[in-house]
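Visitor: So that we are looking at the same thing, I have put the structure below in structure tokens.
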Amino acid sequence: MHKIEIVGMRRNRDLKIVRTIIILAIIAIIASLCVIFYNKHKVVEASAENSNIIIEEVSMSDNSANSEEESKDKSNENVNNNNEPATEEEKEFINSVNNIYNGEEKRVFLTFDDGPTEEVTPHILDILDKYNIKATFFVLGTRVKQNPDILKREYEAGHYIANHGYSHKYSSVYKSADAVLEEYNRTENAIRDALGNDSYSSNLFRFPGGSHGGPYEKVKKEARSKLNEYGIAYLDWSALTYDAEGAKTKDDILKNLKETINGWNNVVILMHDAADKKVTYETLEDVIKYLQEKGYAFKSIYDIIATT
């Protein structure tokens, strides 16, 4: 065989080896990108309950409770789990809550989640008092126990005290449908203790992250049925300011509110009175004035009860 042919064969062999190495390298890069994309997708999926809200467990760092203290508190707490089947009156209330968006007049329900807190809630109450507006507060049991006087002020001012669960920790709340009910019961007990009223029952729950969607949908579905079975309604929202999803300025708050109200006549607005939501109370007067200009009448859940 000629020397030139041998060199040519070696060259072809070397080119094949190089091509094989390049192809393998490309495959490895593509595989790595696929893994990165998949992991990123799973993180986003796990961090979002639905298109409107990012799953964000309320940080316990802004209050004195930690998991050890909470466990100790739970062991010493006599949680009333003697839930009974819904009465006819409770069934009527559930039906009214389910039809909250069907009112004939133009009305708006201001609702605040995750309080009460010393840093934000009193400012919100001052503004509501100024405009003689009654709101609905979906409170956390842990924060009720820390701020019973603020909870009592809400109630005595005529605002409706509703239930947002005890911990707001998704892994605890959505462990099972029974866990959801226990969170509700513990918070009801905390509310009763703060008010000094053993007969108080809110009969209204707001699921952390919303009542539908997300990785806990199966548990939520079971919990929705269980709550109704025991005469407990649940309520989400139709408009929000995104004050818990990154809105940091008054302009952002108002822009988000106007976009999500969407011209509807019956609106339930989600806002928050957690300790870090200073922008919420700073913008509240502007929110109220905008809603007044649009002709909305301000309502609370007490107005729902009055119609049942």
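The values are calculated or read from the model by the stated rules, or taken from the named source; none is laboratory data. Computed from a predicted model, the values in this text were never measured in an experiment. All Cβ positions, glycine included, derive from the backbone under ideal geometry; neighbour counts span all protein chains shown.
Visitor: Just one of Ile124, Ile133 is crowded, with 22+ Cβ neighbours inside 10 Å, at pLDDT 95 or above and over 15 Å from the mean Cα position of the chain (by Cα); which is it?
Guide: Answer to the selection: Ile124.
Visitor: Exactly one of (1) under 17 Å from Gly209 (Cβ atoms); (2) in contact with a His (Cβ under 6 Å, 6 or more places away or on another chain) is unmet by Leu235. Its number?
Guide: (2)
Visitor: Also, quick follow-up: So, in the range 148-166, exactly how many residues are outside any helix (DSSP H, G or I) and touching a residue at least 40 places away in the same chain (Cβ under 8 Å)?
Guide: 8
Visitor: Residues of the range 121-147 being part of a loop (DSSP other than H, G, I, E, B) and small (Gly, Ala, Ser), which ones?
Guide: Residue satisfying the conditions is Ala135 alone.
Visitor: Please tell me if Ser199 is surrounded by 17 or more Cβ atoms within 10 Å (Cβ to Cβ) and not in a helix (DSSP H, G or I).
Guide: Answer is no for this residue.
Visitor: Given the options Asp243, Asp178, Asp236, Asp251, name the one that is touching a residue at least 24 places away in the same chain (Cβ under 8 Å), in a helix (DSSP H, G or I) and of a type outside the set (Val, Ile, Thr).
Guide: After applying the criteria, what remains is Asp178.
Visitor: Turning to a different aspect of this structure: Look at Arg224 and say whether it is of a type in the set (Lys, Arg), in a helix (DSSP H, G or I) and surrounded by fewer than 24 Cβ atoms within 10 Å (Cβ to Cβ).
Guide: yes
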